[in-house]
Structures are given as structure tokens and as C-alpha cells.
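Report on the structure given below.
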Amino acid sequence: MNWLFEFPFVAKPDVNAIDQATRSFASKASWFFEDIIGAGLTQFVNAINWLLGHTPWILLIALVFFLGWKAKGKVTSGILYAALLFFIGVVGLWDLMLMTLSIVIASVIIALVFGFPIGILLSYSDRASNIVRPIMDTMQTMPVFVYLIPALLFFGMGSASAVIATVIYAIVPVIRLTSLGIRQVDAEVVEAAKAFGSTRLQALVKVQIPQALPTIMAGVNQTIMMAMAMVVTCSMIGARGLGNEVLIAVNRTEIGRGLVSGISVVILAVILDRLTQGWFADKKKKTEKKERRLLPALKLALKKAHEPASAQSLKGEEQNA
Amino acid sequence: MPETSEIIIEAKNVTKLYGPNKAEAARMMRAGAEKDEVYKKTGTTVALWDVNFRIRRGEIFVIIGLSGSGKSTIVRCLNRLNRPTSGQILFEGQDLMKLGKKELLEFRRKKISMVFQSFGLMSHRNVLGNVAYGLEVRGIPKEERERKAKEVIAMVGLEGWENQPCESLSGGMRQRVGIARALASNPEVLLMDEPFSALDPLVRRDMQFELLQLQRRLEKTVVFITHDIDEAFKLGDTVAIMRDGKVIQIDTPERMSAHPADDYVRRFIESADKSRVLSAKNVMITPASLVRVTDSPAYALGEMRKNGLSTVYVVDEKLRLRGILTIYDALRAHSEKLAVADVMQKEIPVCQPDSLVAEIMPAAAEASYPLAVVDEKERLVGIVTKANVLAALI
């Protein structure tokens, strides 16, 4: 009965061969990956980091305060986010935080530059969508550490490979939600755009994208959050920043160091999330809230009063009453 | 409309099939099969089959049918949002199927426009932005297109609402925006796909009336889709009845009611009895003024004088109906220093928002004051006058 518990044959893939092939390809093409793309990405990250580093800390905090206030509509939110950011500076992790932020920003920009057009493409073509969807599922479910190995091989240690791994991981939501958002635009609105003689591009730019914007922005928000999560993991392939601090703490079992840097990561993530989430979602809620406060009877009266022609005919009828 | 006026749109043998086996479906239809049978055997839907009609310039051409009869499909063939499987649509003699990409854009931008059932407004644009859209995609400079848009906005009675977001408008006003948008490019033909179906009957009546006025003034050709026979007869110069993708009868409303082509058309026409369709909430109006139980008779008199009323409803602090106060009772209370609660009449006829107009007609006719409409918590939600009932039925 042994055959019930043992496979009839086992063909283990030759993982060494995959290794060898990738390695030799990587070294042959290193002029392209490492010298062009890698160097370019490093430059990009450094440029952003330089910009952030040369911004006075007080300006950044003021910016977070202002954006938090506007996004949430409450001064207290602005104060809270600014205070949280201030905390990172106080515990001495400001520069590392800026490094992490630089990699996040670089990755998100690249993810959006590629993800947005791909999302639009997928919204138009069912076939393309059917092909790309399983690829995206794979990209999202693959253990993140697996990305680190080829990134390391092709781009070496440092921020370039961190950006590459982060982009692959974080590009999925913006593609998905751009495509979803555009598909979900009210069919009649799209028909209207066509019926009034829009070209395809006009319909896309003037109607479909603006109508899908809340969904697209939800995708951008998720992309930012996933980039943030990945950047911490990327410390394993030499990305500097808060993640690296966490990694050191783990390696040396320094609980204090781990806690402080961990909390800073959380703070950065929360601020990024709230600032990018509030802009579109909240505006709708605010108007809804206002409407709910009106008494039903008052609402009825208002509705009738807003109807210019029927209001006139109503007056006539009331006089008969 | 004079019979002699020029034909602007002509549909010739228009057929639209959806599905995998169009040739087989067409063969079965030619052999006289029914739509359902064809779908079961071939998996192909017959949306339109051999549709023919002629629309004269300046008339309102109504296409009526139940859902699935193909009326929305045919109207979309007229501006080529849909492409017929076979057949011709001639617009001023030009076959629409032969238009190139650029010509089609020009055609949609200048000759024909459309109004949609759920308005099809772009919520990210305000009223002005929506109305000016057609002119914008045509590349007309901002100043000029906004000037033109403002003209048509005034024409549909929305002056002063230009910069409001569409969400802040009621259904009737949104459709006014839809109509203004369709008129902005000064097209020759307006396609209206059940434009008033989403509106409540009271508003619908006003909109129908206004559309008629507007159309007679501007002399636009209107192709109007509806499932409501009353609406069709009220608006249509010519009415076409569709069923299962085929046109059954095309005639003027008068001739159609006198000589229905078959039983289906007859049943359709007979279904037009509004009192069994409309309910109290459709015809009721908001009372001009209310008096609270605790108010003084003097206040009640003032309210009545201000609004020119001879009776006023009395409610408590939760808007629950308590009674009705006539002007005589109020005067008596005022001179004898009584409270409103002492002199008001407490036994009064009421009805619910969902009561059919046919049911409340006797009560409304008998009572010497408007009928109160109360909800399940006895709250006053509106009143129905004799005039309201009559106005809803004609």
C-alpha cells in the first residue's frame, strides 16, 4: 500500500540551473540593469532625498498640518499628524524617516506612471484584463521575500533594487482600481459623452477618468500603503531608512530600538494613509451628513420650492384650497 | 404637423441581432418564428426585426413599448450608439451606416443629441459644465460656449443655477439640465430615451407640458421613447408601438385609439386609467401653513390671512395631525378667548400616502376642505385638494 502515500515519480525542478541561468544573464546584462536602470533609480531616490533633506523640518511639519487639516476638515487632525511627525524628529530618526519616505515616493511615482496607463488599457479590453489579472494575483500573493532575490541579483544592494521590488509589489492596486473605476462609470454617462460627439480620448479625459477619480484615488492610497510596507522589508537588500533600523534591532535583539523605530514606521504609514485617503472620500460624506440633518418635512418643502415651474402651479392650487 | 413636410429620418428594414448565430436566427425569423423560440434554439437575441418608419421634420415621434421591446435599441441606432446588424437609417437622405469616424463625430456634434432616462449627467461638472459639454468637445472657445449654455439654461428655467453641482438638484431639475445640454448645440433632432420615467408624476406632468411648449417654439424634431401610453398620446404627433423588436402600428394618437391594429395595441390603450395608477403621495402638495395645538387663535388667523386660506390644519409638536381649524371657529375662539384645541374639528377624513387616487376621490369630492395625508405615525405629510385630483387625471 506504499504507493498510496508516495508519488509515482518526483521530478524536482533543477533550482540550481535556474540560479545559474539567472546569474549568468544578470552578469551579462549588468550594463543594462545595474548601470542604466539601477544607477538611474539610485539617482532618482537620491534626488528626492536631497530635496527632502534640504527642506527645513518645520516646513514639512507645517505641510503635514495643513494637508491633514484640509483632508479631514478638522484642525485637530492637522495638529495630531504634525505632532506625530514631530515625535519622529524628537526620537532622532528624522533623517532615516526621510530616506524611507524618499524610496516610498520614488516607488509610488514609478508605480503610478506605469500602473495608471495599464489600468486604463485593462478597462477597455476584456481579453487584456483576463491575461493580466492572474499575473497581478501572482504578484500580490507571492511571498514578498521572493522579489528580493532577483532584485538583488540584477540591481545589487541598495535603494535601486528596493525601488524595483517595491514597485512590483505596490503597482497592483493602482492598476486594479483604475480599471475597476473606469469600468464602473455609469454607462449612461459614457453614452452621453459619446452621443455628444466626444472622441475616445475626450470621453476618457473629460468624463471617464474624472468620474472614476474617487476609485482611482483609493487605488493610489493602497499603492502608497503597500509601498510603505515593502520599503521596510527592503531593508534586507540594503535599503537604508527606518526599516534598516528595525532590522538591526531584530539582529541584536534590542527591544527598545525596535520599538522606537517600529512606532516611527507606523506613524509615517498612518500619516501617508490619512493624507491621501481624505481628499476624495470625505467630500461626499460631508454633504451627506448635512442632508441627514434636515427634517424630512423641511426637505419636502425645499424640494418643491426648488421646482420652479411646479412651484408656480402649486401656488395656484393652494389658493383654491 | 402637415403630412407633406419633409422626411428627416427614415429607418429601412433595420434589424439588430445579438449573439453567436445571427444567420440562423435571421432564417428562423424569416420563417415566422417568435423571438423567444429563436433565443432558445440559437442563443441569439432579436433586439430589432425589420423596423421601418419615417419621421417628419418638426414632429414629436413617440416610440412606445414595454421593456425588451427594442425601443431603446432603435433610438440608439439613430445616433449610431448602436449599429444595426442590417438595414439602413437615412438622415436627410444620408445613410448613417456609411459615415466615417470623423463624419460620425460631426453628425453627433451638430445634427442630433440625446436625453437619457437617468439623466446621464457628469457629476464632476456643475450645471454649466454639463450643458456646455457638447460645445466643449467641438472645440468652441470657453466664452462663447458658456454664453450659449447660459442661454439654453435660461430657456429651461434654470437661471441662477449655473454654478450648482448636479447633485444638489432635484430629479426634475436634473432632467432640465439634460434637456438644456441636448439643446445647447442647436441640433436638428432630439432623441429622448424615457426622459421622464424617473420623475414623480407631478413633476412629470410639468415637464411634459414644458417639453411641448419648448418643442413648438423651437420646432425641433423629437424622437421620444416611453412605456407610458398617456405620455405617448399627450406628446406624440405620431406614435409607433413596438413589441418584441417589431413595430406593430404607426399612427396619430387619434387614429390609433379609434383603430388599434390588434389586440395588443387595444390592451395598451385601455390600460390608460391614471386614477388606478397614481396614489395620494403623487398628487398631494405641501400645506401652505400649519398651526400648532398650542398656538393662539390670533396667530392662526394671521396665518390664514397671510396665505389666503379658509382652513388650516392643526398639528402637535411632532407634526401629528390633531384636527382642522376653520376661519369661523378661529374667529369664535378669538372673540370668546378659547384655545385652538377647544374649537377645532377633530373628526376629519384622512388618507395614507399609498391610497390610490381612485379610492380617495369620493372623500376628496365630499369634504369642504383638502384631504389630509398622514403616514403610519399619524404625521401630516401633505394635503390633497379637489384641484390636485382633477389635475392629475387630465
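Miscellaneous remarks
- Taking region A:232-272 and dividing mean pair separation by its residue count, relative contact order in percent (alpha carbons under 8 Å, at least six apart): 30 percent
- Mean projected area (nm²) of the alpha-carbon convex hull when the protein assembly as shown is viewed from all directions: 49.1 nm²
- Computed log10 I(q)/I(0) for region B:1-99 at 0.13, 0.14, 0.23 Å⁻¹: -0.49, -0.56, -1.19, from the Debye equation with unit scatterers placed on every C-alpha and solvent omitted.
- Among A:Ile36, B:Ile250, A:Ile171, B:Ile225, the order by Cβ neighbours within 10 angstrom, fewest to most, reads A:Ile36, B:Ile250, B:Ile225, A:Ile171.
- Förster radius 30 Å - calculated FRET efficiency between B:Ala261 and B:Arg216, Cβ distance, rounded to 0.05: 0.60
- Mean-position separation - Cα centroids, region B:200-278 and region B:124-147, in angstrom: 33 Å
- Mean separation of Cα contacts under 8 Å (6+ apart) over length of region B:1-133, as relative contact order %: 30 percent
- Between the alpha-carbon centres of region B:20-68 and region B:323-394 there is a gap of 52 Å.
- The alpha-carbon of A:Lys194 sits under 18 angstrom from the alpha-carbons of these aspartates and glutamates, leaving out residues fewer than 8 places away in its chain: A:Asp186, B:Glu103, B:Glu106, B:Glu136, B:Glu188, B:Asp193.
- When only Cα pairs below 8 angstrom with a gap of at least 6 residues are kept, chain A shows a relative contact order of 20 percent.
- Cubic angstrom per residue, convex hull over Cα atoms of region B:280-393: 90 Å³
- Separation of region A:153-229 from region A:76-108 is 26 Å, based on Cα centroids.
- Three-way shape call for region B:56-138 based on the alpha-carbon gyration tensor, with the a/c threshold at 1.5: oblate
- Result for chain B in a Gaussian network model with C-alpha springs under 10 Å: among B:Ile360, B:Ile179, B:Ile89, the largest mean-square fluctuation is at B:Ile360.
- The angle separating the long axis of helix A:308-320 from the principal Cα axis of greatest extent in chain A is about 40 degrees.
- Taking a point 7 Å from the Cα of A:Tyr124 along the Cα-to-Cβ direction, the residues of region B:75-97 with backbone N closer than 20 Å to it are B:81-83.
- The protein assembly as shown: antiparallel DSSP beta bridges as a percent of all, rounded to 5: 60 percent
- Greater than 24 Å apart at Cα, pairs in B:Lys12/B:Lys148; B:Lys110/B:Lys246; B:Lys22/B:Lys71: B:Lys12/B:Lys148; B:Lys110/B:Lys246
- In plain terms, the chain from A:Val75 to A:Phe7 could stretch by 17.9 nm, reckoned as 0.36 nm per residue minus the Cα-Cα distance.
- In this calculation the C-beta distance from A:Ile131 to A:Phe32 is compared with R0 = 25 Å, giving a FRET efficiency of 0.45.
- Evaluated at q = 0.09, 0.18 Å⁻¹: base-10 log I(q)/I(0), Debye formula over Cα of region A:1-153: -0.56, -1.23
- Counting other Cβ atoms within 10 Å as a rough exposure proxy, the listed residues A:Lys28, A:Lys70 run A:Lys28, A:Lys70 from fewest neighbours to most.
- Anisotropy class of region A:152-289 from Cα gyration tensor, a/c 1.5 cut: oblate
- For region B:137-286, the Cα-based Rg and Dmax, in that order, read 17.8, 56 Å.
- By the rule of a C-alpha distance below 20 Å, with chain neighbours fewer than 8 residues away ignored, the aspartates and glutamates paired with A:Lys28 are A:Asp19.
- Charged neighbours of B:Met122, selected by a Cβ distance under 14 Å, balance to 0 (K, R count +1; D, E count -1).
- Candidate cross-link partners of B:Lys386 among the aspartates and glutamates, defined by an alpha-carbon separation under 12 Å and a same-chain spacing of 8 or more, comprise A:Glu317, A:Glu318, B:Glu366.
- On a per residue basis, the convex hull of the C-alpha atoms belonging to chain B measures out at 183 Å³.
- B:Ser296/A:Ala83 FRET efficiency (R0 51 Å; Cβ-Cβ; nearest 0.05): 0.35
- The calculated P(r) of region B:172-219, using every Cα pair and 10 Å bins from 0, goes 24, 60, 15 in percent.
Computed from the coordinates by the stated procedures, all read-outs in this text should not be read as laboratory data. Values in this document were obtained by computation on a predicted structure and should not be read as measured data. No Cβ is skipped: glycine too gets one built from the backbone with ideal geometry, and neighbour counts run over all protein chains shown.
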